[in-house]
Amino acid sequence: GSIGSIVWSQNNFYPIDTTYFVLLSHKDSLKYFFYKLTSLDLKRLNTASGVPGLNREEVYKQKILLPPLPEQQKIAEILGAVDEDIEKTDAVIAETEKLKKGLMQELFAFKNSKEKKISDIFEIGRGRVISKKEIQANPGPYPVYSSQTSNNGEFGKLNTYDFDGEYLTWTTDGIYAGAVFYRNGKFNCTNVCGTLKPKVDMDIRYFSYILPVCVEKYVVRTANPKLMNNIVASIAVPFLSLEKQKQISEILSAVDDKIFANKNLKSKLLELKKGLMGDLLSGRVRVK
């Protein structure tokens, strides 16, 4: 793992020379000690100028709050229960994403389906250059989307908007080139985002699922991957009946809703754990 990372193990293991391990020499809870060490953020003790490294003597100087053993055990039990819920939520997310992948393979196994070029069914546009300075000077409620994929691609928020309604956007440049997003409402996007506005009657959510599959092979994989507007315009995509589009998007949207709900639950559990660690491991809140 990364420098300062703490691993809990109940199995036999062999530590290599870049690993420190802890065995308690007195009667305390090792699991409590694990959580306490995690809370110390040991990577801040890195003093190496080149390759990151922890100085053992600096680690030894760290002081550990040791409440009575029953309290240690209870704190470890509480934090362990939250960790179990996080692990279970991770498992549900992984299984649901696996289900979605299988459904997409089945639903997109089209035979002799009618195809249309993207330029025939969408108005193709582009975002504009939006700097961090502009966002800082004009804070507001309207999201600015960039080339990233984390946080749904949101880069910041402005007090004005360039787009309003249902759109698809895609990343034109960078490591995430070809990533497609469904947008709905008032928003902005930067110059590394292409925009697609429907020109014909369609279920746009259907195209948010099928487009990433169709455009992937057209991404130019160089040092700075690209998928530019002129290439996107010429790509043909399966154009099913509106009823079929809606059926597919409803199925996949339901799966996405479950994934989103569980990712949201995981975020809340992580916040809960962070708060509990701050309270219980510092002694601000005592456990009887």
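The values are calculated or read from the model by the stated rules, or taken from the named source; none is laboratory data. Note that the coordinates shown come from a computational prediction; the quantities given were computed from them, not determined experimentally. All Cβ positions, even for glycine, are placed from backbone atoms using ideal geometry, and neighbour counts span all protein chains on display. The accessibility values were calculated without ligands, DNA or RNA, using every heavy atom of the protein model including side chains. Shrake-Rupley method; radii C 1.70, N 1.55, O 1.52, S 1.80 Å.
Between the listed residues 103, 92, 76, the Cα displaced farthest toward the positive end of the dipole of the range 76-118, a dipole computed from Cβ unit charges relative to the Cα centre, is found at 103. Taking every C-alpha pair closer than 8 Å and separated by at least 6 residues, the mean separation divided by the residue count of the chain gives a relative contact order of 20 percent. Taking 0.36 nm per residue of separation and subtracting the current Cα-Cα distance, fully stretching the chain between residue 222 and residue 83 would add 46.0 nm.
In degrees between 0 and 90, to the nearest 10, how far off the longest principal axis of the chain does helix 242-280 point, with axes built from Cα atoms? Around 20 degrees separate the two axes.
Give the relative contact order (percent, whole number) for the range 158-288; include only Cα pairs under 8 Å separated by 6+ residues. Reported relative contact order: 21 percent.
Each residue of the range 115-131 is assigned a 3J(HN,Hα), and the resulting list reads 10, 9, 5, 4, 5, 7, 10, 10, 7, 9, x, 8, x, 10, 5, 10, 8 Hz, derived from the Karplus form 6.51 cos²θ - 1.76 cosθ + 1.60 (θ = phi - 60°), x at Gly and Pro. Given a 1.4 Å probe and the protein chains as shown, residue 58 ends up with an accessible area of around 60 Å².
Using R0 = 25 Å, the C-beta based FRET efficiency linking residue 66 and residue 272 works out to 0.55.
Of the trypsin sites (Lys or Arg not before Pro) found in the range 146-232, the ones in coil according to DSSP and having at most 15 other Cβ atoms within 10 Å of their Cβ are 199, 221. Computed from phi, the 3J(HN,Hα) profile of the range 201-212 under the Karplus parametrisation 6.51, -1.76, 1.60 (θ = phi - 60°) reads 5, 7, 9, 5, 5, 4, 6, 5, 8, 7, 4, x Hz, with x in place of Gly and Pro.
Lys-Lys pairs in the range 125-232 that are eight or more residues apart or on separate chains and whose Cα atoms lie under 25 Å of each other come to 14. Derived scalar couplings between HN and Hα for the range 190-195 equal 7, 5, 9, 10, x, 10 Hz in order, rounded to whole Hz, by the Karplus curve 6.51 cos²θ - 1.76 cosθ + 1.60 (θ = phi - 60°), x for Gly and Pro. Rolling a 1.4 Å probe over the protein chains gives residue 69 an accessible area of about 40 Å². Summing +1 for each Lys or Arg and -1 for each Asp or Glu among the other residues whose beta-carbon sits under 13 angstrom from that of residue 167 gives +2. Taking amide H atoms as placed 1.01 Å from N in the peptide plane, the amide H of residue 186 lies under 5 Å from those of 165, each 5 or more residues away in sequence or on another chain.
Solvent exposure of the chain amounts to 61 Å² per residue of accessible area, where only protein heavy atoms count and the probe is 1.4 Å.
Nonpolar atom fraction for the chain, defined as the carbon and sulfur part of the 1.4 Å probe accessible area, stands at 52 percent. Using 0.36 nm per residue and subtracting the Cα-Cα separation, the extra length available between residue 265 and residue 288 on full extension is 5.5 nm.
Using the Cβ of residue 194 as centre and a radius below 14 Å, the other residues enclosed give a net charge of +2, where K and R count +1 and D and E count -1.
With pairing defined as another cysteine C-beta under 4.7 Å, the cysteines of the chain that fail it are 214.
Prolate is the label for the range 147-288. Its Cα gyration tensor axes, ordered a ≥ b ≥ c, give a/c of at least 1.5 and a/b above b/c.
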